[in-house]
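The values are calculated or read from the model by the stated rules, or taken from the named source; none is laboratory data. Just so it is clear, the structure is predicted and the values come from calculations on it, not from any experiment. Backbone-built Cβ (ideal geometry, glycine too); neighbour counts: all protein chains shown. Please note that ligands, DNA and RNA were not included when accessible areas were found on the heavy atoms of the full protein model with its side chains. Shrake-Rupley method; radii C 1.70, N 1.55, O 1.52, S 1.80 Å.
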Amino acid sequence: MNTLNKIKRTGPVLFSEYEKGSAVKKVLEMEREDILFEIKDSGLKGRGGAGFPVSTKWMITAAANADKKFIVCNADEGEPGTFKDRVLLLEYPELVFEGMIIAGYTIGAKEGIVYLRAEYSYMLEFLENFLEEMRKQNLLGKNICGKGFDFDIFIRLGSGAYVCGEETALIESLEGHRGEPRNRPPFPVNTGYLGFPTAVNNVETLASVPNIINKGGEWYHKHGTDKSTGSKLFSVSGDCKYPGVYELPWGTTLNEIINITGAEDTKAIQVGGASGICLPATEFGRKLSYEDISTGGSIMIFNKSRNMLEVLKNFMEFFVEESCGQCTPCRIGNVKLLEGVEMIEKNEYTIEYIEKLKELGRTMQVASKCGLGQSSPNPFISILENFKDEIFNNKPVLN
Amino acid sequence: MNDSEKNIRNEFIQTLVQRFGKERTALLPVLQEIQKKFFYIDEHSQQEVARLLNIHPVEVNSVISFYAFLYDKPRGRNTVRVCKNIICNYHGSLEIAKALSTELGIGFNETTKDGKVTLEYANCFGMCDKSPSILVNDQIHERVNKESVLNLIRDLK
Amino acid sequence: MEKELRSPVSQRPLIVKDGKSKTGIGATVSIELNGEKMQVQLGKTILEICKENKIHIPTLCYHEDLCIAGNCRMCLVEVEGMRTLQASCAFPVTSPVKIKTFSDKVRKARKHIVDLMLSEHYGECYSCVRNNNCELQTLAKEYGVDSYEFGHICEPRFEIDSSSHAVVRDMDKCILCRRCVRTCIDLQEVGVLEAINRGYDTKISTFMDKPLADVICINCGQCINRCPTGALHANDPSDEIWKAIEDPKKHVVLQTAPSPRAAIGEEFGLPAGISMTGQLNTAIKRMGFDRVFDTNFTADLTIMEEGTELLSRLRKAIVDKDSSVMLPQFTSCSPGWVKFIEHFYPEYLDYLSTAKSPQQMFGSVIKTFYAKEEGIDPKDIVTVALMPCAAKKFECNRPEMDSSGFKDVDYGLTTREMAKMIREAGLRLPELPKTNFDEPFGDASGAGLIFGATGGVMEAALRTVYELVTGRPVPFKNLNIDVCRGMKGIKEASVKLENCKEEFGFLEGVELKFIVAHGTANAKHVMEMLIKGELAGYHFVEIMACPGGCIGGGGQPIPTSELIRKLRVKAIYEEEASMPVRKSHENPRIKYIYEKFLTDGPGGKLSHKLLHTKYLKRGKYIN
């Protein structure tokens, strides 16, 4: 492996001192209900971006009556500008895998599946070896730590589809189908992989669990803000001196990010990857948190030399390619939005039509089947609104 | 494809099915392995996989066509993928793409005449902090530049 | 049909069938629908609830024969407290919710979706086979589309695939609702069509995008019946038929199957279930066809041939202990089913009856017996078969179907295409007087008529076989063998043969066991039973490729649904009940043809030449 990661800043929460295997050993002595209470106290929410409370997800899966259950680790980190999971998997795999064991124990699953994106297949050997090592240490396999709990983890590779980061598409892909999102309900917690109750959690979410178990939900809750507890990994890239992964408390402002990463002349920050929103300097005081700007952690910084229309076009091209093509608003809508961007680029547009496209974008946000189509208009709407002077000024409007 | 080539594939697919099972869940792992060995999944193999997993050939074809890293048309022994995310673009991936294209004498989504390399764009590799990056087969190369990528492809077999 | 069984687990709506007994939570839940409070059954989808309450929700990907897809997003409604709109077809109500079905947000979204579809929908309505019967067109009207908001594609993106005799695919009109995919894979389990690629490049395709004629399509045409637009339609021969009619040298003969008669009224605005036999005959004659014959005549002939074949197989098996005789005998009148077994179970072709389908029997009878009787040179005869079927088009083009020395049946025409020709001729079908079928074949028996419904061939065959063997009519009230009737996917029953005639003494006490299946998914199930040896002791199996039998055929009027199919069946059984002759062997013209023409009797040498056929081991492999 030729990739060195080196996390730029390890915070006191996710990366506090951790002894391998300690949380697993502890958890196997606990009642499943107590684990759920601990997670509930921590206030941990899904780190993939949607922010669904982990305790609720696990509680429903745990309560489901089924012959089999599954815990799936969503390592299909495909959001442009996100790379925290790469770093976690390469540098702290024990946190991720142990988080899976704890989750498996809590919900009653005997099998954990890591869905690793195809682009990360270079990690496969390392991760497989790591799992083998854990099996040797009896942290995986039959009768883990002699406590009578059987659990194992298997890695499945994706094959290059961003939409498989959506949990039901991920499950479809695991089942050998096209990665097309399912209707919800039923939710995976009831009807997931192979029809069995399945908890799908992000890599970072799972990696947060061992420390919550060791140090307690209350300890975790003390970090961050009231509704956004703990810390968050931010993948910072773009026009800054020190791009990389940062563990920062929730509530950190964009200005703080700019300072920490040594960004200069910053014009815009795209928060949440291509499907996120693009903020201008006037909004840099806003906080990264579930209550303000909710995000999976991608921060792309653009300085004054960048052309925002070019940025938008790049994002829209991405969505046109990555839409699964199943539902009408996303399949055709994204193409229309991209065409709109190209019209502006070529200076062949009317403001009325662009407004119409924004309306279409708002429909896509509520009418698309899954998160992809519901969020793909975000950059279109936010970049055209927040950077309208740059994009529309000095250009004659054709009527 | 002649019968002996078909047989080679049949035997290989048989071993894959033994390894991954006959359930539909085995489909992607099986296809990934075929792809790794033969660089693409030909018509015959698709039908053989369908037969063994008891699904329709068109479903196998449908799955292959959905995923960007699976192919049903012949291609090179190596795949070089250039990230086209905006961050990589701003760090020089476009120049790298041009250099690769010139060196190999092919455009993107094309394969060199000797069948050595297929050149492609791909979406974000999750290496934005070390951009620009390229993926050569399944190995990632970070902070590449024109010189380093040309060295990389010269080493390819 | 048990359609739930075929939908993927993940896509099945959470229907709680019997809330009271299973969950104990209570069977109903109180909801608010457009401000109106009501109690509804737990687990019903919003779409179902709206239907019951006479609220129209626009749908495109939804089809009641198919599993839920939820991908067109037309049926969106607003559920209070949810950020996004919900697809009502896929949303089961399990808690007290407040639903708005036509709020501003909903209407705007639906309009946007129609606009988006139209922007990609190439072609003009007036030049489309589905003009006036297109679900997209209807929605455009409902949502007041008066301009192309997001542009309109001006160049075709795809080539039309008309390689198949039966189904033409025009992907420029496809809106990717994937009903055809679900029909082909889930409903029929044939597996020819699937979506390929993704995003904007998604399209419905065959294996490796090969022409439909080169893949394992069985031509059932069920996809056509469920396509909301003109993307799928049958290969229409009506221009050539018109040409033949206008050619004074040609003697154009039309045979009509029973199912088109029971359904063609729907094409002229009548409700389903009204038989148009007499009116249709008038229309056919007025259009200029020289003769109109009833395919039921050869249905009766099929019963004679197939029944005789069955008895001979039974004799060989029981008396001669001939182990090479294949039992049960499978029917062979459904060309979709024949191609299905040729592709999927080629090693079991010997189970099929060698009797041709009624359509093909008629073709060879017309160009031999009829030509002779009427003194017409068979090369000047053009035979057209009006069928409820897309696969019949393929069947008449099978190269081996030339036992008369000519192409036995020149054209297969669907019910829809006939309706179009009638409209072109300016005839108002429902208002026409009734005419009888032409001689020399005249009116056939009721046994032939019920071929149109699943179980009909079996019922007709039993009436004849039982009577041939025992000398008495079948022991069922009014000859109605109810166990053969109805829409259950696989029906099985038996009848005991007692006091047999001397020549059939070997059948004394035999329990004649039979199975009836319709839809190729059920056929597959029966074949799996056969392979597992579970059909040992069974004698006769009727299989129809289309759900409901021929009345649900791929050439029938659109739309189709279980209710429509049931009404068409009802029309057939009602008409049959009032017919004077209800047994094939009692059809006087059948007796006549065996006396005058097929003189060595059913299963004889001439029969074998003209009325029986061979099958092709096609297999599944696609080159």
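A few remarks follow.
- Threshold 40 Å², the range A:163-192 residues less accessible with all protein chains present than alone (1.4 Å probe): A:Gly176, A:His177, A:Arg178, A:Arg182, A:Asn183, A:Pro185, A:Pro186
- Prolate/oblate/rounded label for the range C:284-395 (Cα gyration tensor, a/c 1.5): prolate
- Sites listed here are trypsin sites (Lys or Arg not before Pro) in the range A:197-292 whose DSSP assignment is loop and whose Cβ has at most 11 other Cβ atoms within 10 Å: A:Lys241.
- Per-residue shielding of B:78-87, expressed as the average number of other chain Cβ atoms within 10 Å of the residue Cβ, stands at 5.
- Entries in A:Lys45/A:Lys227; C:Lys339/C:Lys524; A:Lys45/A:Lys222; A:Lys313/A:Lys388; A:Lys69/A:Lys215 that, when Cα-Cα distance is taken, lie over 18 Å: A:Lys69/A:Lys215
- Expected 222 nm ellipticity per residue - DSSP helices of 4 or more, -39500 (n - 2.57), all of chain A, to 500: -12500 deg cm²/dmol
- Solvent-accessible area per residue in the range B:3-66 equals 41 Å², computed with a 1.4 angstrom probe and all protein chains kept.
- For the range A:308-392, the relative contact order is 37 percent, taking Cα pairs closer than 8 Å that sit 6 or more residues apart in sequence and dividing their mean separation by the residue count.
- For the range B:12-98, chymotrypsin sites (Phe, Trp or Tyr not before Pro) meeting the loop criterion (DSSP other than H, G, I, E, B) and having at most 16 other Cβ atoms within 10 Å: B:Tyr40.
- Residues whose placed amide H lies under 5 Å from that of A:Val200, excluding near-sequence neighbours: A:Val72
- Volume of the Cα convex hull of chain C, divided per residue and given in Å³: 170 Å³
- Gyration tensor verdict on the range A:22-222 (Cα atoms; rounded if a/c is under 1.5, prolate if a/b is larger than b/c, oblate otherwise): rounded
- Across all directions, the average flat footprint of the convex hull enclosing the Cα atoms of the range A:308-392 is 4.7 nm².
- For the range B:85-100, the Karplus equation 6.51 cos²θ - 1.76 cosθ + 1.60, evaluated at θ = phi - 60°, returns couplings of 5, 4, 5, 5, 4, 6, 10, x, 5, 5, 5, 4, 4, 5, 4, 4 Hz by residue, with Gly and Pro reported as x.
- In degrees, nearest ten, helix C:296-318 long axis to first principal axis of chain C (Cα): 70 degrees
- Set A:Lys267/B:Lys36; C:Lys513/C:Lys566; C:Lys111/C:Lys203; C:Lys210/C:Lys491; A:Lys241/B:Lys73; C:Lys488/C:Lys609 screened for pairs whose C-alpha atoms are more than 32 Å apart: A:Lys267/B:Lys36; C:Lys210/C:Lys491; A:Lys241/B:Lys73; C:Lys488/C:Lys609
- With the gyration tensor restricted to C-alpha atoms of the range B:78-154, the semi-axes of the equivalent ellipsoid amount to 19, 12, 11 Å, longest first.
- Only beta bridges with both residues in the range B:78-154 are counted; by DSSP, about 55 percent of them are antiparallel.
- In order along the range C:450-461, the Karplus-derived 3J(HN,Hα) couplings, from 6.51 cos²θ - 1.76 cosθ + 1.60 at θ = phi - 60°, round to 6, 3, x, 10, 4, x, x, 5, 4, 4, 4, 5 Hz, and Gly and Pro are given as x.
- Debye intensity ratio in log₁₀ form over the Cα atoms of the range C:461-561, taken at each q of 0.16, 0.20, 0.22 Å⁻¹: -0.79, -1.04, -1.13
- FRET efficiency for A:Glu352 and C:Arg107, using Cβ-Cβ distance with R0 set to 25 Å, rounded to 0.05: 0.75
- Evaluating 6.51 cos²θ - 1.76 cosθ + 1.60 at θ = phi - 60° for every residue in the range C:389-399, the Karplus couplings come out as 10, 8, 5, 4, 5, 5, 4, 6, 9, 4, x Hz, glycine and proline recorded as x.
- In the range C:114-234, one over the average inverse separation of all distinct C-alpha pairs is 14.8 Å, which is the Kirkwood hydrodynamic radius.
- For the protein assembly as shown, share of DSSP beta bridges that run antiparallel, in % to the nearest 5: 50 percent
- Each Cα pair under 8 Å and six or more residues apart adds its sequence gap; the mean of these over the residue count of chain A is a relative contact order of 18 percent.
- With a Förster radius of 35 Å applied to the C-beta separation of C:Phe597 and C:Arg423, the computed FRET efficiency comes to 0.40.
- Each helix, a run of at least 4 DSSP H residues, gives -39500 (n - 2.57); summed and divided by the residues of chain C, these come to -9000 deg cm²/dmol at 222 nm.
- Computed over the protein assembly as shown, the percent of Cα pairs more than 63 Å apart is 17.
- Rounded, prolate or oblate (a/c below 1.5 giving rounded, otherwise prolate when a/b exceeds b/c) for the range A:231-303 by Cα gyration tensor: rounded
- Remark: accessible area buried at the A-B interface is about 3400 Å², both chains counted, probe radius 1.4 Å.
- For trypsin sites (Lys or Arg not before Pro), the sites in the range B:72-128 that DSSP calls loop and that have at most 13 other Cβ atoms within 10 Å are B:Lys113.
- The magnitude of the dipole of chain A, with charges of +1 and -1 set on the Cβ of Lys/Arg and Asp/Glu and taken from the Cα centre, is near 340 debye.
- For chain B, the calculated P(r) over all alpha carbon pairs, in 5 Å bins from 0 to the bin holding the longest distance, is 2, 9, 18, 18, 15, 13, 11, 8, 5, 1 percent.
- Taken along its three principal axes, the alpha carbon spread of chain A comes to 75, 43, 40 Å, from the longest extent down to the shortest.
- Rounded to 5, percent antiparallel among DSSP beta bridges of chain B: 55 percent
- Take the Kirkwood radius over Cα pairs of the range A:90-130, plug it into Stokes-Einstein at 10 °C and 1.306 mPa s, and you get 142 µm²/s for translational diffusion.
- Loop exposure criterion: trypsin sites (Lys or Arg not before Pro), DSSP state outside H, G, I, E and B, at most 12 other Cβ atoms within 10 Å. Applied to chain C, the longest stretch between such sites is C:322-427.
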